[in-house]
Structure formats: structure tokens, C-alpha cells
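Peer 1: Take this structure, written in C-alpha cells, and hold onto it; I'll ask about it next.
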Amino acid sequence: RTAAAWRAIATRFPQVRGLGAWGDRSHKARKSCHNAGHAIDVMTTKVDEHEAIVAWALANRAKYGITLIISRRRKWSAAGKWKARPYLGTSPHTDHVHLSIDCAG
């Protein structure tokens with residue numbers, strides 16, 4: 001479903017040029033959904049685009065198997081009842097929206 005979500009995002013948000021899926025060196029050094037192709041990073045620094053992508057992801061989470069959303073120091077997940085919670089990871093995710101797909105880690 002990662003590929004299907006990728007295509008849907010590219011269609012819905014054509015102005016967003018950067019879509020990444022596979023983990024870089026820092027991802028490979030730890031457990032990450034990126035390492036198995038189960039995560040997408042939608043690259044944008046624009047707040048309105050972050051908000052639109054998050055809204056789309058929340059509305060389409062069941063269809064695409066979205067299990068985690070991280071954006072602008074916030075995260076959403078089933079464990080958090082899909083409400084915005086603080087994200088305290090090392091990357092504030094201000095330059096991209098992270099989507100985990102069919103992945104718990």
C-alpha cells in the first residue's frame with residue numbers, strides 16, 4: 001500500500017516535489033519503517049501544505065494503512081486515538097510530513 005499512497009499523494013499534492021521512501025544511512029542505523037519501504041516522507045516546509053497533507057492522511061488512514069503521521073513536532077497514531085500529540089524525536093519534521101504505512105515501528 002506504500003506505492004498506492006505514494007501515487008495518491010503525488011496526484012493530490014502535485015506542488016510537492018519531494019517524496020522519499022527508502023531510509024538513508026541514519027535510518028539504516030536503527031529500526032525504521034523506511035528501511036523496508038513502509039514509510040513516505042513528503043517534503044515541504046510550508047505550514048499550509050503540512051496541514052493539508054496531515055488532513056488527507058487522517059482521512060485516508062484506513063484505505064492506505066497509515067499507522068503513524070509525524071509533522072511539525074506532532075504525531076498522530078491509533079495508540080493516541082488519532083489525536084495530535086507532541087513528537088519529541090530528534091527530527092522535528094518541519095521539512096517533511098512522515099507517514100508510516102502498514103508498519104508499527
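The values are calculated or read from the model by the stated rules, or taken from the named source; none is laboratory data. This is a predicted model, so every value here is computed, not measured. All Cβ positions, glycine included, derive from the backbone under ideal geometry; neighbour counts span all protein chains shown. Each accessible area value is taken on the protein alone, full model and side chains, heavy atoms only, with ligands, DNA and RNA left out. Shrake-Rupley method; radii C 1.70, N 1.55, O 1.52, S 1.80 Å.
Peer 1: For region 1-33, which residues satisfy the criterion of being surrounded by 12 or more Cβ atoms within 10 Å (Cβ to Cβ), at pLDDT below 55 and among the small types (G, A, S)?
Peer 2: G23
Peer 1: Any idea how many residues of region 42-55 are within 20 Å of T2 (Cα to Cα), modelled with pLDDT of 95 or more and surrounded by fewer than 16 Cβ atoms within 10 Å (Cβ to Cβ)?
Peer 2: 1
Peer 1: Sticking with this structure for a sec: Can you tell me which residue is most open to solvent (accessible area, probe 1.4 Å) among those in region 91-105 that are under 19 Å from E51 (Cα atoms) and touching a residue at least 60 places away in the same chain (Cβ under 8 Å)?
Peer 2: Among those residues, the one meeting the criterion is H96.
Peer 1: Of all residues in region 56-90, which are small (G, A, S), surrounded by fewer than 20 Cβ atoms within 10 Å (Cβ to Cβ) and either under 13 Å from the mean Cα position of the chain (by Cα) or in a helix (DSSP H, G or I) (or both)?
Peer 2: Correct list: A59, A62, G65, S77.
Peer 1: Kindly list, by first and then second residue, each pair from a residue in region 34-52 that is within 15 Å of P14 (Cβ to Cβ) to a residue that is modelled with pLDDT of 90 or more and part of a helix (DSSP H, G or I), limited to pairs with Cβ atoms under 8 Å and residues at least 6 apart or on different chains.
Peer 2: V42/I9; V42/I53; T44/H50; T44/I53
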